[in-house]
Each structure stands twice: as structure tokens, then as C-alpha cells.
1. For Arg215, all conditions in the list (1) surrounded by fewer than 19 Cβ atoms within 10 Å (Cβ to Cβ); (2) in contact with a helix residue (DSSP H, G or I) (Cβ under 6 Å, 6 or more places away or on another chain) hold save one; what is the number of the exception?
2. Please determine, by comparing only the residues of region 69-91 that are under 22 Å from Val136 (Cα atoms) and in a helix (DSSP H, G or I), which one is most open to solvent (accessible area, probe 1.4 Å).
3. Which residue pairs have Cβ atoms under 6 Å apart, sit 6 or more places apart or on different chains, and have a first residue in region 282-295 that is over 25 Å from Ile335 (Cβ atoms) and a second that is outside any strand (DSSP E or B)?
4. Just to be sure, is Leu209 farther than 20 Å from Pro351 by Cβ and open to solvent by less than 30 Å² (accessible area, probe 1.4 Å)?
5. Are there any pairs, at least 6 apart or on different chains, whose C-beta atoms fall under 8 Å, with the first in region 215-244 and at positive phi and the second open to solvent by 30 Å² or more (accessible area, probe 1.4 Å), and if so, which?
6. When Thr289 is evaluated against the numbered criteria (1) within 26 Å of Val239 (Cβ to Cβ); (2) open to solvent by 70 Å² or more (accessible area, probe 1.4 Å); (3) outside any loop (DSSP other than H, G, I, E, B), which criterion, by number, is the only one it fails?
7. Take the residues of region 265-286 that are among the hydroxyl-bearing types (Ser, Thr, Tyr) and open to solvent by less than 50 Å² (accessible area, probe 1.4 Å): which is nearest to Arg246 (Cα to Cα)?
8. Do we have Val180 as open to solvent by less than 70 Å² (accessible area, probe 1.4 Å), over 30 Å from Ala253 (Cα atoms) and part of a strand (DSSP E or B) here?
Amino acid sequence: MRNNGGGRLTAAAGLVLALLAGCGHSGDQVATGAWQTPAAPTVRTDLVWFAIEPVTLPGAVRLPKTAALGGPTFSLQMTELAIVTELGADFISSLARVPNSTGVSRDATAPVPATAGSEFVLVRLTAVQGRQLGRVLPGFPGSGTSAALRVGTETREVPHSPSEGVLIAHVPTGAPVTLVVEDAGREQTIDLRTGVPGPNAITEYARRLPQATQRLTLAGLFAGRPPGTEVKVKLSASVQLYASGRWAKPGHAFLLVGVEVEMSDFRGIGGRIDMARSLTVRTGGRTVTGTFAGGEFERSPNITFLVTASGGLVAELPADNLTKVTIGFTPRGGITLDKKPATLLLSNNPPVTLTLT
């Protein structure tokens, strides 16, 4: 009996040990699954992206106003710079929407680390103050412009942007990073790590170019065809380095003078204003000659009784002393009323002098 009891005790003990061993093994599996560290999100090693969402640049350094670049179709101002080894959650929401371009998966939530030996260069870009071109980075389809990032000896395409935001670049630690922009056939560069423009930068475009505008409300009358009508006239002048598809010669600039006419029409105003006969421009004590264009009357697509006409002058002049422009405007040319030749008279319409700033 003692032997049988001992056998039963031994068997029972073995069963208990087996159960305990099984429970311990099961517990190890649960613990291992609960504490397993998820894989870190990945990112393209050659990442270049432009985030337009509001994001904060950790440890950002403010850059001077000289950290700017511009051309005929774009303007950019580097305002903040940060260099980090990981991107936080506010960046992930932008990068995860385009996984094919960024390498960040759509379900990524954790911070995105840079790969070994790499870092992220973050630059906040805005438009140059006073230059509202609607594009911070060029390169939109069919524009004939481009933007690229030169990282050491490697060149990467930069997505164009119609608005302000943060340029994100994943680069080798300490590698030179240069933004290269081609606009209207000329290449310009700026160092993204310092904000220093390259020697090929067109400094005039990195600030507001001289310009001025004045609006007039005048009493108008078609000769011999009462009643009168209110005529709104907008006069403008600006200095540009690129116009009519070409760059100004060294030491010269283009003076652009514009005229916009707007008035109500219930009698069939048509034809065109001959800008060459209607517009006189003086600056620096001389009368300006150049290329005149425009002047056709068009009906407003939104207000059927409103007609407008616009045109102006482009002239290449010595760049010095283009600060004051005197504009005289007397409508002449092939204006019609009810399809018959007509003369539009404007009262109290002396020449206007604009100071370009």
C-alpha cells in the first residue's frame, strides 16, 4: 500500500509540475508579445519633401532677410532652419499621405528617425515680402522652370510649391546642401545650411522691386453722345529685369507701365483704345518710347453691363534713377459706341506722377 501511495503521489507531483511548466511557458509567450518593440517607421534615404501643413521646427534658428532668392516667376525667403535626427508626429501626418514619395507608411505614428549617418535639414520658406507671385518654389508643369537639391555630388528633384511651408531633406550628416533654381533660363543657388545665396543669385529679385499704383475715378463723356458715365482708371508702373521673354542688358531694366479702364455700359461700347496714341510716359526728364500693347474693350464675364480695357508700355532703360514716372492718359483710337466711331472725353485728368518704392 505504501508503494502504491508513493506511486500515486509521484504521479500527482509530476502532473502538477507539468501543469506549472505549461502555465509558465504560456505566460512567457504572453509577456513576450506584450513587450515586443514595434519596428521604427522608415523613410526614403533621398527624401525631399515640402510640407504645407503647420509644423514646428524644433530648435529652429532664425535667418536674416538676406537668406532669399527670387526670379521672374518665384520668390523664396528662408526664415527658419533646424537640423534634427528624427521627425515628430506633426511631420508624419504630411509624409504618410504620400508613402510612394516619402517612404513613410500610411499607418505610421511614431517619430521617424534618420538613417545611420544621416540627418534631416528643415527649412521654412515664405515669399519675399512685397512679392506676391503665388509660388515659393518653381517647377510646375509647362513653366520652363525647375528646382533641385544638390546634396554633395548628388542632385535630387524638388517638388514645386504654390504656397509657403517647410522643405524637408534627408541627407548625410554634415553634407553640403544647396537649393538650385532655374527660372527664365538663369540658374541661381542658395546654401540651405546657412541661407547664404550663391554668387549667381540675382539680388534685385530677393527683395521687393520698385513699383507704384494709383486709382482714379473720372467723369467720362462720349463727345456728342450724352449722358456721361463714370470711368475708373488704374495706373501702374514697375521695374523688372525680365520682360517680353528676355533679360534686360547689364545696367538696364524694364519699365512696365499699365493702364486699366472700367466703366458701365448700356450702349454697346466696343473697339479698342490705341495705347500708342493714348499713353504718354516720362521719367528722368525724357519721354519714354517702347512697345505698346492691349487696349481692347472686353465685357466682364461676371457683370454683363461692365466693360474693361487694359494695356500698357514696356521699355528698356538705364536702371539708374527709375524712381519717378509721370503718366498721361487720354483715350484715343478705334473706340466705338453702338458700332460707330466715338470719342471718349475724361474731365479733370491731368498727368499723374508715381513714386516707385
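The values are calculated or read from the model by the stated rules, or taken from the named source; none is laboratory data. Worth saying up front: this structure is predicted, and the values here are computed from it rather than measured. Neighbour counts are summed over all protein chains in view; Cβ atoms, including those assigned to glycine, are modelled from backbone coordinates with ideal geometry. Accessible surface is based on the protein model in full, side chains and every heavy atom, while ligands, DNA and RNA are left aside. Shrake-Rupley method; radii C 1.70, N 1.55, O 1.52, S 1.80 Å.
1. Arg215 satisfies every listed condition except (2).
2. Restricting attention to region 69-91, the residues satisfying the condition of being under 22 Å from Val136 (Cα atoms) are 69-83, 90-91.
Cutting the leftovers down to in a helix (DSSP H, G or I) gives us 90-91.
Details: Asp90: 59, Phe91: 5 Å².
Only one residue fits best here, namely Asp90.
3. Close Cβ pairs (under 6 Å, with a partner that is outside any strand (DSSP E or B)) amount to Gly284/Asn321.
4. yes
5. Within 8 Å, the pairs are Ser244/Thr291; Ser244/Val314.
6. Result: Thr289 passes all but (3).
7. Thr283
8. On the way: open to solvent by less than 70 Å² (accessible area, probe 1.4 Å): yes; over 30 Å from Ala253 (Cα atoms): no; part of a strand (DSSP E or B): yes.
No, not satisfied.
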